[in-house]
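Notes for the one structure printed next.
The values are calculated or read from the model by the stated rules, or taken from the named source; none is laboratory data. Since this is a predicted model, take the numbers as computed values, not measurements. Every residue, glycine among them, receives a Cβ derived from its backbone with ideal geometry; neighbour counts consider all protein chains shown.
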């Protein structure tokens with residue numbers, strides 16, 4: 001798993017699972033320092049339900065800092081979890097949508 005920042009984009013690569021979600025969440029939170037940020041999830045290879053808590057924690061942190069945060073390029077397995085948990089309306093996407 002890697003997470004890095006390029007400009008206003010944060011790129012998450014690899015698995016986001018219960019074994020590493022706390023560390024990924026911590027690292028991502030530290031990268032949120034612009035008014036508008038985009039998290040690119042195109043290279044996320046594996047997820048479990050803990051990824052939902054990571055997305056919401058980043059959203060909470062951004063909101064507390066008066067920032068806007070958007071997600072792009074959600075892999076199919078993450079889109080499926082978002083649909084399964086009924087939280088699609090709470091995940092701000094940029095230029096895409098989650099099929100319902």
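Just a few scattered comments:
- Filter pass, residue 31 being surrounded by 19 or more Cβ atoms within 10 Å (Cβ to Cβ) and in contact with a strand residue (DSSP E or B) (Cβ under 9 Å, 6 or more places away or on another chain): no
- Lone unmet requirement of (1) assigned to a strand (DSSP E or B); (2) at pLDDT below 95 for residue 46: (2)
- A count restricted to the range 34-47 and to residues that are surrounded by 14 or more Cβ atoms within 10 Å (Cβ to Cβ) and over 13 Å from the mean Cα position of the chain (by Cα) stands at 1.
- Qualifying residue in the range 82-94 (condition: buried (at least 17 other Cβ atoms within 10 Å of the Cβ), without any contact (Cβ under 8 Å) to a residue 60 or more places away in the chain and not in a loop (DSSP other than H, G, I, E, B)): yes
- Flag for residue 17 being in contact (Cβ under 8 Å) with a residue 12 or more places away in the chain and surrounded by fewer than 17 Cβ atoms within 10 Å (Cβ to Cβ): yes
- Residue in the range 52-71 that is closer than 18 Å to residue 40 by Cβ, under 12 Å from the mean Cα position of the chain (by Cα) and in a loop (DSSP other than H, G, I, E, B) present: no
- Candidates 46, 57 - the one that is within 21 Å of residue 3 (Cα to Cα), without any contact (Cβ under 8 Å) to a residue 60 or more places away in the chain and in contact with a helix residue (DSSP H, G or I) (Cβ under 6 Å, 6 or more places away or on another chain): 57
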